[in-house]
Each structure stands twice: as structure tokens, then as C-alpha cells.
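A.B. asks: Mind looking over this structure? Questions follow.
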Amino acid sequence: KAGVTQTPRYLIKTRGQQVTLSCSPISGHRSVSWYQQTPGQGLQFLFEYFSETQRNKGNFPGRFSGRQFSNSRSEMNVSTLELGDSALYLCASSMTADQPQHFGDGTRLSIL
Amino acid sequence: GNSVTQMEGPVTLSEEAFLTINCTYTATGYPSLFWYVQYPGEGLQLLLKATKADDKGSNKGFEATYRKETTSFHLEKGSVQVSDSAVYFCALRINFGNEKLTFGTGTRLTIIP
């Protein structure tokens with residue numbers, strides 16, 4: 001069974017640009033969550049989607065947005081990139097709310 | 001709010017030593033508890049979980065017991081191996097709430113031969 005797939009694995013951008021990250025969940029999983037991992041702040045929840053609807057959102061500015069498609073694949077977008085957005089962005093999927101989340105290997109975003 | 005406090009790292013042990021990584025939590029609701037492990041360059045892998053008080057999660061020789069009276073979920077292993085070197089995260093999720101996981105800061109474990 002294929003795991004959670006995140007693309008691209010690495011990305012380099014400059015300040016002010018925007019970026020889109022992609023996540024394909026495990027087949028049959030309808031919930032997709034996104035997390036930001038940095039050395040200073042650790043793992044922080046960004047948002048969660050279920051059946052194309054955002055169910056929960058963390059404390060991030062509006063520059064961070066996401067969406068989910070009918071096939072459960074999800075994208076997150078960050079606009080007007082700042083140096084502090086450099087991080088590992090992790091996607092996780094689960095079948096239902098009471099099942100554990102399974103994580104992808106992440107997209108490492110570097111802002112120059 | 002919800003929070004998880006983990007033992008500060010890094011932790012360095014010799015192979016075959018006994019491991020304990022402490023984890024305590026505060027929660028406004030009724031949580032499930034998890035341990036995740038992260039190897040270099042990878043995402044998080046679920047190591048074990050417990051969904052209610054007194055449950056014991058176990059996997060690959062690791063164990064943790066959900067202690068509601070002490071709000072703890074300490075990770076233990078009787079004999080560690082070099083391959084156990086990784087970063088370990090304790091996390092909680094409120095049952096009947098939503099998918100959001102609240103993580104501890106992580107504990108880096110290094111096992112030397």
C-alpha cells in the first residue's frame with residue numbers, strides 16, 4: 001500500500017515569491033492535515049481538510065492556505081514568502097477522525 | 001489549552017541500555033496519546049498509541065502506558081539498538097474533536113555501539 005506522497009521533496013524560493021506544495025494521501029484516506037516543522041517552533045499544525053472542506057485551522061497568517069480535491073489530494077499555498085517560512089512541511093492523512101495519522105516525508109522549503 | 005511536555009534531549013545511551021523518555025500532557029478534553037519517531041531526512045512514523053486510560057501501546061520493543069492520574073505517557077524500551085537512534089515525539093489528539101495533533105518538542109536519541 002503506497003504511503004503519503006509529498007512533492008516536491010525540496011524547494012528553493014526567494015522572499016516575496018509564492019509556492020504550492022502537493023500531498024497525495026494513502027488510498028481511501030479522506031482527511032489530510034498539514035504541519036510545519038522548524039528547529040525553533042517544532043511541529044505546528046497548519047490546517048486539516050476532510051472531503052474538500054477545511055475542518056480546522058492553526059494559528060498561521062492568511063498567507064498560508066490550502067485546499068483539497070475530490071480525490072482527497074491536497075495542496076497548500078504560501079504567498080509572499082518570508083525568510084521565516086523556511087521549514088519542513090509535513091502532510092498527514094487518516095481514514096477517519098479516530099484513526100492515527102500517517103505522515104509523508106515532507107517538503108523542505110528554503111527561502112533565500 | 002492542550003500541551004505536551006517532553007524530556008529535554010539529546011539523550012545518548014550505550015547499546016542494550018534501558019531507555020525512558022518522559023512525556024506529560026495537559027488536555028482540555030479526552031485525549032488519545034501517541035509516540036512518533038523521525039529518522040533523518042524522513043517524515044514521522046507512528047510508533048505506538050493509546051486511546052484511553054491504562055491502555056498500553058507497544059511496538060518494536062517500545063512500550064508506553066496511558067496514565068491518567070499522572071497525565072503521563074512515558075516511552076520505554078528494555079534494550080536499545082543503534083538503529084533506534086532518531087528523534088522521538090510525544091503527541092496528543094482530543095477524541096471526538098478533530099484531527100489536530102499537538103506535539104512535544106521532540107527528544108533526540110543517539111545509541112552508541
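The values are calculated or read from the model by the stated rules, or taken from the named source; none is laboratory data. None of the values given here were measured: they were computed from a predicted structure. Using ideal geometry, Cβ is built from the backbone for each residue, glycine included, and neighbour counts are taken over all protein chains shown. Surface accessibility is based on the protein's heavy atoms, side chains included, excluding ligands, DNA and RNA. Shrake-Rupley method; radii C 1.70, N 1.55, O 1.52, S 1.80 Å.
A.B. asks: On a 1.4 Å probe surface of the protein chains, which of B:His74, A:His29 comes out largest in accessible area, and what is the full order?
C.D. replies: B:His74, A:His29
A.B. asks: I'd like the mean, over residues of A:44-55, of how many other protein chain beta carbons sit within 10 Å of each residue's own Cβ.
C.D. replies: 2
A.B. asks: So, in Å, what gap is there between the alpha-carbon centers of region B:60-104 and region A:53-81?
C.D. replies: A separation of 28 Å, based on Cα centres.
A.B. asks: Counting only other residues whose beta carbon sits under 14 Å from that of B:Ser72, what net charge do I get with K and R as +1, D and E as -1?
C.D. replies: Within the 14 Å Cβ shell, the charges total -2.
A.B. asks: Give me the orientation-averaged projected area of the Cα convex hull of the protein assembly as shown, in nm², one decimal.
C.D. replies: 12.3
A.B. asks: Please list A:Lys13, B:Lys49 in order of solvent-accessible area, largest first, computed with a 1.4 Å probe with all protein chains present.
C.D. replies: B:Lys49, A:Lys13
A.B. asks: Okay, moving on. For chain B, what does the convex hull of the Cα positions come to per residue, in cubic angstrom?
C.D. replies: Here the figure is 94 Å³ per residue.
A.B. asks: Under a crude label model (7 Å from the Cα following the beta-carbon direction), how far is A:Ile12 from A:Arg73 in nanometres?
C.D. replies: Here the modelled spin labels are 2.7 nm apart.
A.B. asks: Another question, then. Go through B:Lys52/B:Lys77; A:Lys57/B:Lys60; A:Lys57/B:Lys52; A:Lys57/B:Lys77; B:Lys56/B:Lys77 and tell me which ones have a Cα-Cα distance over 24 Å in this structure.
C.D. replies: Beyond 24 Å between Cα atoms: A:Lys57/B:Lys60; A:Lys57/B:Lys52; A:Lys57/B:Lys77.
A.B. asks: Give me the one-decimal nm value for the distance between modelled label points at B:Gln81 and A:Ser51, 7 Å along each residue's Cα-to-Cβ direction.
C.D. replies: Each label point is offset 7 Å from its Cα along the Cβ direction, giving 4.3 nm.
A.B. asks: Tell me the accessible surface of A:Ile12 in square angstrom (1.4 angstrom probe, heavy atoms of protein chains only), to the nearest ten.
C.D. replies: Accessible area, nearest 10 Å²: 120 Å².
A.B. asks: Determine the relative contact order of chain B: mean sequence separation of Cα pairs under 8 Å and six or more apart, normalised by residue count, in whole percent.
C.D. replies: Averaging sequence separation for qualifying contacts and normalising by length gives 37 percent for chain B.
A.B. asks: Can you sort A:Arg73, A:Arg9, A:Arg67 by 1.4 Å-probe accessible area, starting with the largest?
C.D. replies: Order by accessible area, largest first: A:Arg67, A:Arg9, A:Arg73.
A.B. asks: May I pose another question? Give me the compactness ratio for region B:59-98, meaning the Cα radius of gyration over 2.2 N^0.38 Å.
C.D. replies: Ratio of Rg to 2.2 N^0.38 Å for region B:59-98: 1.45.
A.B. asks: Also, I was wondering about something else. Amide H to amide H under 5 Å from B:Asp55: which residues, 5+ apart in sequence or cross-chain, H placed 1.01 Å off N in plane?
C.D. replies: Amide H neighbours of B:Asp55: B:Tyr66.
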